[in-house]
Amino acid sequence: MISAIILAAGLSSRMGKNKLLLPLGKQSVIEHVVEKVSKSQVDDIIVVLGNDAKDIEKILERFDVRTVINSDFLKGQSTSVKTGILEVDDCTDGALFIMGDQPLIKTEIINDIIHKFYECTCSIVVPTYNNQRGNPVLFGNNWFEELDQIQGDKGGRDILKNNLDQVCFMEISDDLFLKDIDDEAMYQHLKREFGKDDNE
């Protein structure tokens, strides 16, 4: 069993507005992400909310997901990671952490990460493109206790850095999964791309 934890609690401070609620084609950013994850082979989907939680919860009602509120989201990403970990099923083999602002994530990549996790002897799977690491990252359940100890505005990067012998790097054929919405320029670029899809 694999649980997906979608981190969707942030302030989007660089955007000046909640980027997860921005429209891309016929859906919002977060809807694109949740739809792709919903079509994958994950067994359970947990969406960690914080900023604008009620608005995001409302638009996700049509999906089969569980939402949980991170009341400490202002203290950084680590609090969302820990909030998500507390919600996973006891039978979960691993948790796949997915950013809520990656609307270009592919269902196939998610499935490939899950397959790699069960095939390899390592307990962490990290996708890469030209040696550049990206998300989502899958942590085996043996790392949950350490993930529950992280602090600040970061995820599990220190765990990766300190346990490279337990990390399986999986090369991806394109860099789309690396693209998230950090600023207005990237949003406008993605908006044009999704606009093309709607016109096809």
Tally up the residues in the range 129-141 that are in contact with a Gly (Cβ under 9 Å, 6 or more places away or on another chain) and loosely packed, with under 14 Cβ neighbours inside 10 Å, please.
0
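For the range 24-36, does any single residue satisfy the condition of being under 18 Å from Glu193 (Cα atoms) and part of a loop (DSSP other than H, G, I, E, B)? Even if it seems obvious, please write down each step before you answer.
Taking the range 24-36 as the starting set, the residues that turn out to be under 18 Å from Glu193 (Cα atoms) are 24-33, 35-36.
After this cut, where a residue has to be part of a loop (DSSP other than H, G, I, E, B) as well, the list is 25-26.
Checked against the condition, which is being under 18 Å from Glu193 (Cα atoms) and part of a loop (DSSP other than H, G, I, E, B), the range 24-36 yields at least one hit.
Of all residues in the range 72-92 being aliphatic (A, V, I, L, M) and in a helix (DSSP H, G or I), which is nearest to Lys154 (Cα to Cα)?
Just the residues of the range 72-92 that are aliphatic (A, V, I, L, M), to begin with: 74, 81, 85-86, 88.
Pick out the ones that are also in a helix (DSSP H, G or I) and you get 74, 81, 85-86.
On the way: Leu74: 12, Val81: 9, Ile85: 15, Leu86: 17 Å.
Looking at residues that are aliphatic (A, V, I, L, M) and in a helix (DSSP H, G or I), I get Val81.
In the range 46-71, how many are touching a Lys or Arg at 6+ places or on another chain (Cβ under 9 Å) and part of a loop (DSSP other than H, G, I, E, B)?
Keep residues of the range 46-71 that are touching a Lys or Arg at 6+ places or on another chain (Cβ under 9 Å), which gives 46-47, 70.
Of the ones still in play, those that are also part of a loop (DSSP other than H, G, I, E, B) are 70.
So the answer is 1.
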A careful count of residues in the range 73-88 that are of a type outside the set (Gly, Ala, Ser), touching a strand residue (DSSP E or B) at 6+ places or on another chain (Cβ under 6 Å) and either crowded, with 19+ Cβ neighbours inside 10 Å or closer than 22 Å to Glu119 by Cβ (or both) gives 3
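Would you pick out the residues in the range 129-160 that are polar (S, T, N, Q) and either in a helix (DSSP H, G or I) or more than 14 Å from Ser78 (Cβ to Cβ) (or both)? Full working, then the answer.
Of the range 129-160, the ones polar (S, T, N, Q) are 130-132, 135, 141-142, 149, 151.
Residues satisfying the conditions are Asn130, Asn131, Gln132, Asn135, Asn141, Asn142.
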Of all residues in the range 42-54, which are of a type outside the set (Gly, Ala, Ser) and surrounded by 14 or more Cβ atoms within 10 Å (Cβ to Cβ)?
Val42, Asp43, Asp44, Ile45, Ile46, Val47, Val48, Leu49, Asn51, Asp52
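Do we have Val125 as under 21 Å from Lys154 (Cβ atoms) and part of a helix (DSSP H, G or I) here? Talk me through it step by step, then tell me what you get.
Working: under 21 Å from Lys154 (Cβ atoms): yes; part of a helix (DSSP H, G or I): no.
The answer is no for Val125.
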Take the range 157-185 and flag every residue that is surrounded by fewer than 17 Cβ atoms within 10 Å (Cβ to Cβ), within 16 Å of the chain's Cα centre (by Cα) and modelled with pLDDT under 80.
Asp175, Leu176, Asp182
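Restricted to the range 1-41, and to residues that are of a type in the set (S, T, N, Q) and crowded, with 21+ Cβ neighbours inside 10 Å, which residue is modelled with the lowest pLDDT? Talk me through it step by step, then tell me what you get.
Going through the range 1-41, the residues of a type in the set (S, T, N, Q) turn out to be 3, 12-13, 18, 27-28, 38, 40-41.
When the remaining residues are screened for being crowded, with 21+ Cβ neighbours inside 10 Å, the result is 3, 28, 40.
Details: Ser3: 97, Ser28: 91, Ser40: 96.
If we take residues in the range 1-41 being of a type in the set (S, T, N, Q) and crowded, with 21+ Cβ neighbours inside 10 Å, then Ser28 is modelled with the lowest pLDDT.
The values are calculated or read from the model by the stated rules, or taken from the named source; none is laboratory data. Note that this is a predicted model, so its numbers are computed, not measured. No Cβ is skipped: glycine too gets one built from the backbone with ideal geometry, and neighbour counts run over all protein chains shown.
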